[in-house]
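The values are calculated or read from the model by the stated rules, or taken from the named source; none is laboratory data. Note that this is a predicted model, so its numbers are computed, not measured. Here the Cβ is made from the backbone with ideal geometry for all residues, glycine too, and neighbour counts use every protein chain on show. Heavy atoms of the whole protein, side chains included, go into the accessibility calculation; ligands, DNA and RNA do not. Shrake-Rupley method; radii C 1.70, N 1.55, O 1.52, S 1.80 Å.
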Amino acid sequence: MREFSPQAAPVSVDVPLISNQDVYMNIAMIKEYHENMPRQEAERLAVHSLGRIGFEHIAYKRNPSLTFEERFGVMLLRAAMVKDAMILIHKPFELIPHLQDIQMITSMLETIDDLYVSCHIYDYKWMQEKYGEL
């Protein structure tokens, strides 16, 4: 029997980052408000998590100054901060329109695979060729 109940954690254009907050705060607030983690500890965790995917340099930037890849990474980490996260990525090529395939996304997911329980990607059938052999 499972000891946990996965919690839906969306990554979607319908769940945007908070534009007037720094990147680290968009990530840290999940731990701060859902698990009562002290602010400084949550900030350290967020900055460390950004470093894991090579984005520590954007920790103190805001949403409007991010590239599509950076914004996706922040949204992914924010979702992964949910306890027992079941990450739900909705139409990733809408989030990063110039991507030719799913490789960058799967690489990020593999890098942080200890932070979430499962990940499900939802997209249109006609986008199937971009996914290759998942």
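List the residue pairs whose Cβ atoms are under 7 Å apart, where the first residue sits in region 106-127 and is free of Cβ contacts under 8 Å to residues at least 40 places away in the same chain and closer than 13 Å to ILE87 by Cβ, the second is of a type outside the set (A, V, I, L, M, F, W, C) and in a strand (DSSP E or B), and the two are 6 or more positions apart or on different chains.
Listed by first residue and then by second, the contacts come to TYR122/HIS90.
Would you say TYR116 is open to solvent by less than 60 Å² (accessible area, probe 1.4 Å) and modelled with pLDDT under 95?
Answer is no for this residue.
Could you look through region 94-103, keep only residues that are in contact with a helix residue (DSSP H, G or I) (Cβ under 7 Å, 6 or more places away or on another chain) and within 14 Å of MET75 (Cα to Cα), and pick out the one that is most open to solvent (accessible area, probe 1.4 Å)?
The residue in question is LEU95.
Listed here are the residues, each with its yes/no results for (1) farther than 26 Å from LEU99 by Cβ; (2) touching a Pro at 6+ places or on another chain (Cβ under 9 Å); (3) among the aromatic types (Phe, Trp, Tyr); (4) modelled with pLDDT under 95.
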{"site": "PHE4", "(1), (2), (3), (4)": "yes, no, yes, yes"}
{"site": "VAL11", "(1), (2), (3), (4)": "no, yes, no, no"}
{"site": "VAL15", "(1), (2), (3), (4)": "no, no, no, no"}
{"site": "ARG39", "(1), (2), (3), (4)": "yes, no, no, no"}
{"site": "LEU45", "(1), (2), (3), (4)": "yes, no, no, no"}
{"site": "LEU50", "(1), (2), (3), (4)": "no, no, no, no"}
{"site": "ILE53", "(1), (2), (3), (4)": "no, no, no, no"}
{"site": "GLU56", "(1), (2), (3), (4)": "no, no, no, no"}
{"site": "GLY73", "(1), (2), (3), (4)": "no, no, no, no"}
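Out of region 56-72, which residues are closer than 16 Å to GLN21 by Cβ and either of a type outside the set (Ser, Thr, Tyr) or open to solvent by less than 40 Å² (accessible area, probe 1.4 Å) (or both)?
ILE58, ALA59, LYS61, ARG62, ASN63, PRO64, LEU66, GLU70, ARG71
Determine which member of the set GLN21, GLN40 is in contact (Cβ under 8 Å) with a residue 24 or more places away in the chain and of a type in the set (S, T, N, Q).
One residue alone meets the criteria, GLN21.
How many residues are closer than 18 Å to GLU56 by Cβ and aliphatic (A, V, I, L, M) when one looks only at region 1-28?
5
Report, ordered by the first and then the second residue, all pairs with beta carbons closer than 9 Å, sequence separation of six or more or different chains, a first member in region 80-93 that is closer than 17 Å to HIS48 by Cβ, and a second member that is surrounded by fewer than 17 Cβ atoms within 10 Å (Cβ to Cβ) and among the charged types (D, E, K, R).
Listed pairs, sorted by first residue: MET81/GLU35.
With touching a His at 6+ places or on another chain (Cβ under 7 Å) and surrounded by 14 or more Cβ atoms within 10 Å (Cβ to Cβ) as the only criterion, which of LEU88, LEU77 stands out?
Residue meeting the stated conditions: LEU88.
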